[in-house]
1. How would 157, 34, 140 rank on accessible area, largest to smallest, probe 1.4 Å?
2. What does the charge add up to near residue 170, with Lys and Arg as +1, Asp and Glu as -1, over the other residues with Cβ less than 12 Å from its Cβ?
3. Using a 7 Å offset from the Cα along the Cα-to-Cβ direction at both residue 138 and residue 111, what is the distance between the two label points in nm, to one decimal?
4. Specify which residue in the list 167, 146, 130 is farthest towards the positive end of the charge dipole of region 118-180, using unit charges on the beta carbon of Lys, Arg (+1) and Asp, Glu (-1), about the Cα centre.
5. Per the Debye formula with a single identical scatterer at each Cα and no solvent contribution, what log10 I(q)/I(0) holds for region 104-180 at q = 0.23, 0.25, 0.27 Å⁻¹?
6. Can you tell me the accessible area per residue over region 95-148, all protein chains present, probe 1.4 angstrom, in square angstrom?
7. Put 156, 122 in order of accessible area, largest first, 1.4 Å probe: what do you get?
Amino acid sequence: MKMHKLLLLAVACTWAMGAAAQWQWTDKDGRKVFSDRPPPPDIPEKSILKQPGGNRPARTAAPAAPSASDAAPGPGATPAVAAAPKAAASAAGTGKDKELEEKKAQAEAAEAAKKKAEDEKIAKAKAENCTRARAAKAAFDAGKPITQANAQGEKIFLDGPARAAEAKRIDEIVAADCVR
């Protein structure tokens, strides 16, 4: 029986430790907020009431695991030596901005090239349609007999109303695709 109570106590203590790894802050409306994630960047440092680990170090833009360069300097290190890695990291941040801008410019150039290729493909298709439509219009205007295949695949000659409808369709294609 004692083992069950001891096990229950251990589970309760472990469960309570999970609640200790939470953030607590006061939002812009004055309400207390509890979360397992850090507060948004617009929350000032003075409004953060509690964070995991119990300490209140300065918050970064994106929470990250502490690295060796962020560790406290040893007993023989000077503050200038400890600040050197942070200065190098901030200088590297501007390099990332340049890289990001270059990647963005390359992506925009690729998008522009893709759009230009699509426009050229559409222009080529319109030119081909225009050529075919003008040839068909010339045949209609010459008064030559025009045949089409019906639903059964048989060739039929176009009569007056069907010929007029086909001539109208060809005129619309010429008007749409032969614009320069």
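The values are calculated or read from the model by the stated rules, or taken from the named source; none is laboratory data. It should be emphasised that the depicted structure is a prediction, and the values quoted were computed from it without experimental measurement. Quick reminder, even Gly has a Cβ in these numbers, built from the backbone with ideal geometry, and neighbours come from all protein chains shown. Just the protein is used for accessible areas: all its heavy atoms, side chains included, with ligands, DNA and RNA removed. Shrake-Rupley method; radii C 1.70, N 1.55, O 1.52, S 1.80 Å.
1. From most accessible down to least: 157, 34, 140.
2. On the way: positive: 132, 134, 137, 163, 168, 169; negative: 141, 166, 171, 172, 177.
Within the 12 Å Cβ shell, the charges total +1.
3. Output for this residue pair reads 4.4 nm.
4. Of the listed residues, the answer is 146.
5. -1.03, -1.10, -1.16
6. 84
7. From most exposed to least exposed: 122, 156.
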